[in-house]
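Enquirer: This is the structure I want to talk about, given as structure tokens.
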Amino acid sequence: MENYKTVSTSLYSARLAKPVVIEENTTTRKVLFVDLNDKKKEVGETVGITIVHQRKKKNDEWEDIESINLNSLKGGEGVKLNLDSKNTRKIYDELSKLYALVDKEGVKYGVQEFSIAKADEIIKIPKDRKTFIERLLSENYGEEVWNELISSNPDLATRLSLARIQTNRSNALNTFKENLEANNDDELFWQNFFANNDWIFGYGLNYQFLHLLKEQPDYGGRTYEGKGSQKGDFLMQTVADSHFTVLVEIKTPATKLLSYTKTEPRQVKNPRNDVWLLSSDLLGAISQIQVNCRTWSLDSQKGENIRLLEKQNIYTVEPKGILIIGNTKELVRDESIVSCFESYRRNTNNPEIVTFDELYKRAEFIVNNKIQATPKKKIETDEDDDFPF
């Protein structure tokens, strides 16, 4: 959604207070200076533009030089401004919105503000809007305003809610990327990160929708919420009419997938192929989650656990395990290494082994393809207290 401010230049004409930026980098940019006039509204001649290519020094501010003196050109000289297809489309989209603005709102005298998402979605912004919203927030009316918005305009409420979720997910994706590239080996950081962003699991693993049931569950305790001998990182559930528990163990992207000497992975040869040894960290993590799955399969059917979970329509039947560990960039040095790891992974029934970079790519897919939803009277999101106010 873009905001425009118009300043009248006569009773019938106005100018955008700021130029529309088409393309910009640190030292150059292309902008449109826009004039609006509704005197010829009946023939559709309402928008005039000046395209300007500006240049500045890196630390200087932009100077709004509105024109170039073409009279200074000599015979045989000319000025050419190339626009690629992306910039041309940007100009087309901007002009579509501006023509629609004049057609629907006309040119108003004085200073006016508008917010435009599409050519058919033009909202005039009242001058006292900011003061009004700040007052509502300062008096803790944010939730009441949000509930009223859901009731009176659920479509707008849905768009606002999804925009908020999309922003949060984009920020989380950036954090994921930074720590993945830094090879962050703090297991607690990753546990907290995924606890706060369980949507990453929701779309990523066998395309099952998973909902976080319990962090750091005790699989060998009196109940899944009590103390026990075996700790896991996450106890999750599939989302459907009936739910089934899923166990998740999280290591770090720095956890080795292969067993190393000082320079190269240790290699054992057989008559046909090179066999690369898996790391003790990987094998230990697999063994850990397999034991946790077996223990939980038994304990989930006992006493308080079965009562607490089946009351929520949650069941445990040969629980699935998911292990998040390592980074596939460790494998790229040799095709036989990739084949060895992938062959082992595909022949391991439980747990499902997912590397951090693979999980990042799945999260990136979710964010880049955004979120779709159908408006409802009650807006349900995967964020707690996800109010835009």
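Enquirer: Kindly establish whether Arg29 is among the basic types (Lys, Arg) and over 15 Å from Gly106 (Cα atoms).
Expert: So Arg29 fits the description; yes.
Enquirer: Hey, another quick one. Can you name the residue in the stretch 170-218 that is on the phi > 0 side of the Ramachandran plot and either part of a strand (DSSP E or B) or over 18 Å from the mean Cα position of the chain (by Cα) (or both) and, of all such residues, is modelled with the lowest pLDDT?
Expert: Asn206
Per-residue answers, yes or no, for (1) basic (Lys, Arg); (2) in contact with a Ser or Thr (Cβ under 8 Å, 6 or more places away or on another chain):
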site	(1), (2)
Asn3	no, yes
Ser10	no, no
Pro19	no, no
Val47	no, no
Lys57	yes, yes
Asp60	no, no
Asn69	no, no
Gly78	no, no
Leu83	no, no
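Enquirer: Further, regarding this structure: Whether any residue in the stretch 150-169 is within 17 Å of Phe365 (Cβ to Cβ), under 13 Å from the mean Cα position of the chain (by Cα), among the charged types (D, E, K, R) and modelled with pLDDT of 85 or more is what I want to check.
Expert: There is at least one residue in the stretch 150-169 that is within 17 Å of Phe365 (Cβ to Cβ), under 13 Å from the mean Cα position of the chain (by Cα), among the charged types (D, E, K, R) and modelled with pLDDT of 85 or more.
Enquirer: Here's another thing I want to ask about it. Identify the residue in the stretch 89-106 that is loosely packed, with under 15 Cβ neighbours inside 10 Å and more than 21 Å from Lys40 (Cβ to Cβ) and, among all such residues, is modelled with the lowest pLDDT.
Expert: Going through the qualifying residues, I end up with Asp93.
Enquirer: Something else now. Kindly list, by first and then second residue, each pair from a residue in the stretch 156-170 that is of a type in the set (Gly, Ala, Ser) to a residue that is part of a helix (DSSP H, G or I), limited to pairs with Cβ atoms under 8 Å and residues at least 6 apart or on different chains.
Expert: Note: pairs meeting the criteria are Ala157/Trp146; Ala157/Leu149; Ala157/Ile150; Ser170/Val367.
Enquirer: Going through the stretch 45-88 one residue at a time, which ones are small (Gly, Ala, Ser), modelled with pLDDT under 90 and in a helix (DSSP H, G or I)?
Expert: The one that is small (Gly, Ala, Ser), modelled with pLDDT under 90 and in a helix (DSSP H, G or I): Ser72.
Enquirer: So, one more: Tell me yes or no: at least one residue of the stretch 78-88 is in contact (Cβ under 8 Å) with a residue 24 or more places away in the chain, touching a Lys or Arg at 6+ places or on another chain (Cβ under 8 Å) and within 21 Å of Leu11 (Cα to Cα).
Expert: no
Enquirer: If a residue counts only when it is modelled with pLDDT of 80 or more, which helices (runs of 4 or more DSSP H) contained entirely in the stretch 303-389 have at least 3 such residues?
Expert: Passing ranges, in order: 335-346, 356-368.
The values are calculated or read from the model by the stated rules, or taken from the named source; none is laboratory data. Keep in mind the model is a prediction, meaning the values are calculated, not measured. Cβ sites come from the backbone with ideal geometry, for glycine too, and all protein chains shown count toward neighbours.
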